[in-house]
Amino acid sequence: MKRTRPTIIALAMSLLAVPAMAQEKADDLGYFNHLSAGLTLGTTGIGIDLTAPIGEYLELNAGYSFMPRLSYKTDVHYKRKGKERETEVEGKLHMGDFKLLLNYFPFRGSSFRLTGGFYIGKKELVSAENTESVNRFDDGTDFEEGEGLEMGDYIVGFNKDGFAKASIKVNSFKPYVGIGIGRNIPRNTIGVSADLGVQFWGSPAIYEQQTGTEQKLEEKHTSHKDGGAIKTLSKISVWPVLTIRIGGKLF
């Protein structure tokens, strides 16, 4: 019995040491005492970021994301001297933003988080322009009012060279709220996390680009449904954000 008692005491002490070690590991997240670098992929494009802890419940995340320069081409109607014609238009996507986000973990040691912060970057979201000058069909005289590319519910006027360029612009400052799963500061060397939220773009506007000038366009009735993508994007005031992050602890 005397030999059994020391064994029981040693076993009890070892069992008590397990939660103590786990607590010590959880408390390892202090104020900027670690740094994680990550690669993100999602609806904001491809991105890189850095994350540092602010105690056990907060993470500060900063980085940059961009969408590859995608383009598409489509035929669009326009009017010229009372005649209806078609020309090819090329649209290009321009998305690139810096971000500063704060992750809040409501439960100690939990991987579920609430996120708030902002993205800031380019105002121009999409640009579209005809690929060939429409002057090839006439003598290049001045264009009359109402002549231009019919993009959705907008008419984009031509410049003197026979080109019409439009762009969709949103706020450069885009607040963000969302939820996520996984810590950007992994317990081990490598970790995976995911985020779901929305960017608030404000009210998008379509601008007509003339030589040295820029003018905001108003909606007008057109006889065709050309430029559907332009019309759709001009109605979007919030952008859904879904990203996957693979990160590694630098120290």
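Output the residues belonging to region 152-177 that are of a type in the set (S, T, N, Q), surrounded by fewer than 18 Cβ atoms within 10 Å (Cβ to Cβ) and either out of contact with any Gly (no Cβ under 7 Å at 6 or more places or on another chain) or on the phi > 0 side of the Ramachandran plot (or both).
If the condition is that a residue be of a type in the set (S, T, N, Q), surrounded by fewer than 18 Cβ atoms within 10 Å (Cβ to Cβ) and either out of contact with any Gly (no Cβ under 7 Å at 6 or more places or on another chain) or on the phi > 0 side of the Ramachandran plot (or both), then ASN159 is the only one that fits.
Take region 67-85 and flag every residue that is buried (at least 17 other Cβ atoms within 10 Å of the Cβ) and among the aromatic types (Phe, Trp, Tyr).
The answer is TYR78, and nothing else.
Give the residues of region 59-73 that are touching a strand residue (DSSP E or B) at 6+ places or on another chain (Cβ under 6 Å) and not charged (D, E, K, R), sorted by residue number.
Listed by number, the residues that qualify are LEU60, ASN61, ALA62, GLY63, TYR64, SER65, PHE66, MET67, LEU70, SER71, TYR72.
Out of SER110, SER36, report the one residue that is under 22 Å from GLY197 (Cα atoms) and either out of contact with any strand residue (DSSP E or B) (no Cβ under 7 Å at 6 or more places or on another chain) or surrounded by fewer than 13 Cβ atoms within 10 Å (Cβ to Cβ) (or both).
Going through SER110, SER36 in turn, just one is under 22 Å from GLY197 (Cα atoms) and either out of contact with any strand residue (DSSP E or B) (no Cβ under 7 Å at 6 or more places or on another chain) or surrounded by fewer than 13 Cβ atoms within 10 Å (Cβ to Cβ) (or both): SER110.
Out of the residues in region 221-245 that are modelled with pLDDT under 75 and assigned to a loop (DSSP other than H, G, I, E, B), state the one that is nearest to TYR119 (Cα to Cα).
Selected residue: SER234.
Output the residues belonging to region 182-220 that are at pLDDT 75 or above, of a type in the set (D, E, K, R), surrounded by fewer than 13 Cβ atoms within 10 Å (Cβ to Cβ) and part of a loop (DSSP other than H, G, I, E, B).
Correct list: GLU218 only.
For region 85-114, enumerate the residues that are within 19 Å of VAL170 (Cα to Cα) and out of contact with any Phe, Trp or Tyr (no Cβ under 7 Å at 6 or more places or on another chain).
LYS92, LEU93, HIS94
Applying the selection to region 49-69, what residues are hydrophobic (A, V, I, L, M, F, W, C) and either closer than 11 Å to LEU101 by Cβ or assigned to a strand (DSSP E or B) (or both)?
LEU50, ALA52, ILE54, LEU58, LEU60, ALA62, PHE66
Only one of ASN103, ASN135, ASN61 is without any contact (Cβ under 8 Å) to a residue 40 or more places away in the chain and of a type in the set (S, T, N, Q); which?
Residue meeting the stated conditions: ASN135.
The values are calculated or read from the model by the stated rules, or taken from the named source; none is laboratory data. In this text, all values refer to a predicted model and were calculated from it rather than measured experimentally. FYI the Cβ positions are ideal-geometry reconstructions off the backbone, even for glycines, and counts take in every protein chain you see.
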